[in-house]
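K.L.:
Handing you a structure now.
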Amino acid sequence: MSVVAKKHRIALTGNEAVAQAMRQIHPDVVAAYPITPQTEIVQIFSSFVSDGLVHTEYVPVESEHSAMSATVGAAAAGARSMTATSANGLALMWEILYIASGSRLPIVMPVVNRALSGPINIHCDHSDTMGARDSGWIHLYSENAQEAYDNMIQAVRIAEHPDVKLPVMVCMDGFIISHGMENVELLDDKVVSDFVGSYKIDHPLLDIDNPITFGPLDLQDFYFEHKRAQAEAMVRAKNVILQIGEEYAKLTGTKYELFETYRLDDAEVAIVVIGSTAGTAKVQIDKLRSQGIKAGMLKVRVFRPFPYEEIKQALSHVSAIAVLDRADSFSSIGGPLFSETRAAMYDAEKRPLITNYVYGLGGRDINLAMIEKVYQDLLEIKDTGKLKQYVNYLGVRE
Amino acid sequence: MSDNKKQVVRKDAAWHELPVGGIIPAGGTAKEFKTGDWRTIRPIHDREKCIDCMFCWAYCPDMSVIVEDGKVVGFDYDHCKGCGICAKVCPPRVSAITMVPDSEADAETKKEEEAV
Ligand code: SF4
Ligand code: SF4
């Protein structure tokens, strides 16, 4: 793996792009355990370590529970710390995910989205990170390898911002992005290291002149106050994400916001989507537009904190909306993105009709025809003013 | 330092006044936390019997055995949780520590005070 030059356009897979971002961020500690489809990230990064390209302390732990525990310990000690995982690996970290966020440690973790077992499956869906949506982590989703790379670099600044101090998951679709080769523009190493700066923690455990207690028992008299403060940090994260996005745009020319809209301004029907499917949808939207159909899209980048107010405003003029979820919440009322979007639209002056499509579970492909079908359904909903059902399963054999 | 400690653990602090992440940003703060009120039985020391072997001092999980000039002089009841380990490790032939229900010990103290 070569060291790249300033704004060098290079063909990389999503995993390679993320590993490059980690090399450039140059964390003090990485503790990780390999799992498909994330394996390459830690494999490539560990070769950067052995080749002397980074001076990171790499800890090859025996499980993801240990990976997250070691990362928490390192972050509390005062080290900029990272790990990476997928699916069942994320599930094994569960207990410590909450300890990382509750302890307000700014850990950055790429998660390569993969279906949770069982039945056992190694391909893409969002059931892993969506399950962790209430773990107190910030969730950034990526449409392609470029976004995964850019999100990684911004995530460090977001996590460590004094108003935030929360861990961040940088999510990208397993195989579709992680193993797909694309042109990616990498920044110069120095540009990245200047952008991320150095990690400063107020009370590092290793400061033996100023001893602290980390992780003490927190009972009825204080736990609630600490959780209230954590909730506020998530509220404040929204502005910080926008601010860091603007700063990053000055470097790259690409502006990252809470979500991206595509031909949405005058759209009559729109879909709300997360991840790589947005790329497919853009192609279909262009086709529909050429037929005179006013189709649009809103692609969510930041799922936690959920930008409910901004989404409400962006979708308020649309008559019929389909929310595409690559995860089922098994609530009997659709996927997690549907619940959030529908709740956001409750306060809209003119509430649009909103339906849900659960799709792509376990790596099931989604193609242009399927997205076209969604828009056809939306046009019918718009014309009749009626929803047939809240939840549809797109691409499943009926 | 102790002012700082008091501020760190101020019981009526609002959520935005607390240290971030539930840390306690000072050392030795366990002193401020009186675990003695968890106790239902308390150790009573018999100075006459005691041979100052220091077993109780070494085993006490709460550092509540008070030693002065190499001699056990009593217990720190603000922090002693009444676990009874000290009484258990005191050599059987010495048995210088007896565990007494706190209610009885309190009644005894009251009586003595009245007598005075
Ligand atoms: S009862 Fe337990 S806590 Fe109290 S002095 Fe004895 S050993 Fe220590
Ligand atoms: S263990 Fe018994 S004899 Fe030994 S120091 Fe303590 S009270 Fe005295």
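K.L.:
I'd like to know if the stretch B:79-91 contains one or more residues that are away from ligand 1 (no atom under 13 Å from the Cβ), open to solvent by 90 Å² or more (accessible area, probe 1.4 Å) and free of Cβ contacts under 8 Å to residues at least 60 places away in the same chain.
P.N.:
Within the stretch B:79-91 (the criterion being away from ligand 1 (no atom under 13 Å from the Cβ), open to solvent by 90 Å² or more (accessible area, probe 1.4 Å) and free of Cβ contacts under 8 Å to residues at least 60 places away in the same chain), the answer is no, since none of the residues qualifies.
K.L.:
Do you know which residues across the stretch A:107-152 are crowded, with 24+ Cβ neighbours inside 10 Å and within 14 Å of chain B (Cβ to nearest Cβ)?
P.N.:
Residue satisfying the conditions is A:Ile107 alone.
K.L.:
So which of B:Met99, B:Met63 ends up being within 16 Å of ligand 2 (Cβ to nearest atom) and closer than 29 Å to A:Leu205 by Cα?
P.N.:
Every option except B:Met63 fails the conditions.
K.L.:
Is it true that some residue in the stretch B:20-28 is over 15 Å from the mean Cα position of the chain (by Cα), within 16 Å of ligand 2 (Cβ to nearest atom) and of a type in the set (A, V, I, L, M)?
P.N.:
The answer is no, given that none of the residues of the stretch B:20-28 is over 15 Å from the mean Cα position of the chain (by Cα), within 16 Å of ligand 2 (Cβ to nearest atom) and of a type in the set (A, V, I, L, M).
K.L.:
Any idea how many residues of the stretch A:344-386 are in contact with an Asp or Glu (Cβ under 7 Å, 6 or more places away or on another chain), hydrophobic (A, V, I, L, M, F, W, C) and touching a residue at least 60 places away in the same chain (Cβ under 8 Å)?
P.N.:
Qualifying residue count, the stretch A:344-386: 1.
K.L.:
Which of the strands (runs of 3 or more DSSP E) found entirely inside the stretch A:1-73 contain at least 1 residues meeting this: among the polar types (S, T, N, Q)?
P.N.:
A:8-13
K.L.:
Same structure again: In the stretch A:211-246, what residues are assigned to a loop (DSSP other than H, G, I, E, B) and touching a residue at least 24 places away in the same chain (Cβ under 8 Å)?
P.N.:
Listed by number, the residues that qualify are A:Phe214, A:Gly215.
K.L.:
Report the residue count in the stretch B:35-54 for those that are modelled with pLDDT of 95 or more, open to solvent by 100 Å² or more (accessible area, probe 1.4 Å) and not basic (Lys, Arg).
P.N.:
Of the residues in that region, 3 qualify.
K.L.:
Now for a different question. For the subset of the stretch A:241-268 comprising residues that are aliphatic (A, V, I, L, M) and touching an Asp or Glu at 6+ places or on another chain (Cβ under 9 Å), which member is surrounded by the fewest Cβ atoms within 10 Å (Cβ to Cβ)?
P.N.:
Going through the qualifying residues, I end up with A:Leu242.
K.L.:
Can you say whether B:Ala96 is within 16 Å of ligand 1 (Cβ to nearest atom), touching a residue at least 60 places away in the same chain (Cβ under 8 Å) and among the hydrophobic types (A, V, I, L, M, F, W, C), as far as the supplied structure shows?
P.N.:
So B:Ala96 fails the test.
K.L.:
Right, next: Among the listed residues A:Ser81, A:Ser69, A:Ser142, A:Ser101, which satisfies the condition of being in contact with a Gly (Cβ under 8 Å, 6 or more places away or on another chain) and under 30 Å from B:Leu18 (Cβ atoms)?
P.N.:
Among A:Ser81, A:Ser69, A:Ser142, A:Ser101, only A:Ser101 is in contact with a Gly (Cβ under 8 Å, 6 or more places away or on another chain) and under 30 Å from B:Leu18 (Cβ atoms).
K.L.:
What is the number of the single condition among (1) surrounded by 22 or more Cβ atoms within 10 Å (Cβ to Cβ); (2) of a type in the set (Lys, Arg); (3) without any contact (Cβ under 8 Å) to a residue 60 or more places away in the chain that A:Lys294 does not meet?
P.N.:
Looking at each condition in turn, A:Lys294 falls short on (1).
K.L.:
(1) surrounded by fewer than 18 Cβ atoms within 10 Å (Cβ to Cβ); (2) hydrophobic (A, V, I, L, M, F, W, C); (3) closer than 23 Å to B:Trp38 by Cα: which one isn't true of B:Phe75, the others all being true?
P.N.:
Tallying (1) surrounded by fewer than 18 Cβ atoms within 10 Å (Cβ to Cβ); (2) hydrophobic (A, V, I, L, M, F, W, C); (3) closer than 23 Å to B:Trp38 by Cα, B:Phe75 fails exactly one: (1).
K.L.:
Looking only at the stretch B:37-60, which residues are near ligand 2 (Cβ under 9 Å from one of its atoms) and aromatic (Phe, Trp, Tyr)?
P.N.:
Matches in the stretch B:37-60: B:Phe55, B:Trp57, B:Tyr59.
K.L.:
Looking at this structure, is B:Glu32 under 30 Å from A:Asp209 (Cα atoms), more than 8 Å from ligand 1 (Cβ to nearest atom), acidic (Asp, Glu) and open to solvent by less than 90 Å² (accessible area, probe 1.4 Å)?
P.N.:
So B:Glu32 fits the description; yes.
K.L.:
If you go through the stretch A:247-254 one residue at a time, do you hit one that is in a strand (DSSP E or B) and more than 14 Å from chain B (Cβ to nearest Cβ)?
P.N.:
Within the stretch A:247-254, none of the residues are in a strand (DSSP E or B) and more than 14 Å from chain B (Cβ to nearest Cβ).
K.L.:
Moving on to the next point. Under the condition of being without any contact (Cβ under 8 Å) to a residue 40 or more places away in the chain and within 22 Å of A:Ser86 (Cβ to Cβ), which residue from the stretch A:24-53 is surrounded by the most Cβ atoms within 10 Å (Cβ to Cβ)?
P.N.:
If we take residues in the stretch A:24-53 being without any contact (Cβ under 8 Å) to a residue 40 or more places away in the chain and within 22 Å of A:Ser86 (Cβ to Cβ), then A:Phe45 is surrounded by the most Cβ atoms within 10 Å (Cβ to Cβ).
Conditions (1) more than 14 Å from chain B (Cβ to nearest Cβ); (2) of a type in the set (Phe, Trp, Tyr), marked per residue:
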residue	(1), (2)
A:Phe195	yes, yes
A:Ser198	yes, no
A:Leu205	no, no
A:Lys227	no, no
A:Met234	no, no
A:Leu242	yes, no
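K.L.:
Which members of the stretch A:159-169 meet the condition of being over 13 Å from the mean Cα position of the chain (by Cα) and of a type in the set (Val, Ile, Thr)?
P.N.:
Result: A:Val164, single match.
K.L.:
Residues in the stretch B:66-96 that are within 13 Å of ligand 2 (Cβ to nearest atom) and among the hydroxyl-bearing types (Ser, Thr, Tyr): how many?
P.N.:
1
K.L.:
So, A:Tyr357, is that one part of a strand (DSSP E or B) and more than 13 Å from A:Val272 (Cα to Cα) or not?
P.N.:
Judged against the criteria, A:Tyr357 is not a match.
K.L.:
Return only the number of the condition from (1) outside any loop (DSSP other than H, G, I, E, B); (2) open to solvent by 70 Å² or more (accessible area, probe 1.4 Å); (3) under 30 Å from A:Glu309 (Cβ atoms) that A:Asp194 does not satisfy.
P.N.:
Among (1) outside any loop (DSSP other than H, G, I, E, B); (2) open to solvent by 70 Å² or more (accessible area, probe 1.4 Å); (3) under 30 Å from A:Glu309 (Cβ atoms), A:Asp194 violates only (3).
K.L.:
Has the stretch A:82-93 got any residue that is surrounded by fewer than 22 Cβ atoms within 10 Å (Cβ to Cβ) and over 21 Å from A:His139 (Cβ atoms)?
P.N.:
The answer is no; no qualifying residue exists.
The values are calculated or read from the model by the stated rules, or taken from the named source; none is laboratory data. In this text, all values refer to a predicted model and were calculated from it rather than measured experimentally. Using ideal geometry, Cβ is built from the backbone for each residue, glycine included, and neighbour counts are taken over all protein chains shown. These area figures cover heavy atoms from the full protein model, side chains too; ligands, DNA and RNA do not enter into them. Shrake-Rupley method; radii C 1.70, N 1.55, O 1.52, S 1.80 Å.
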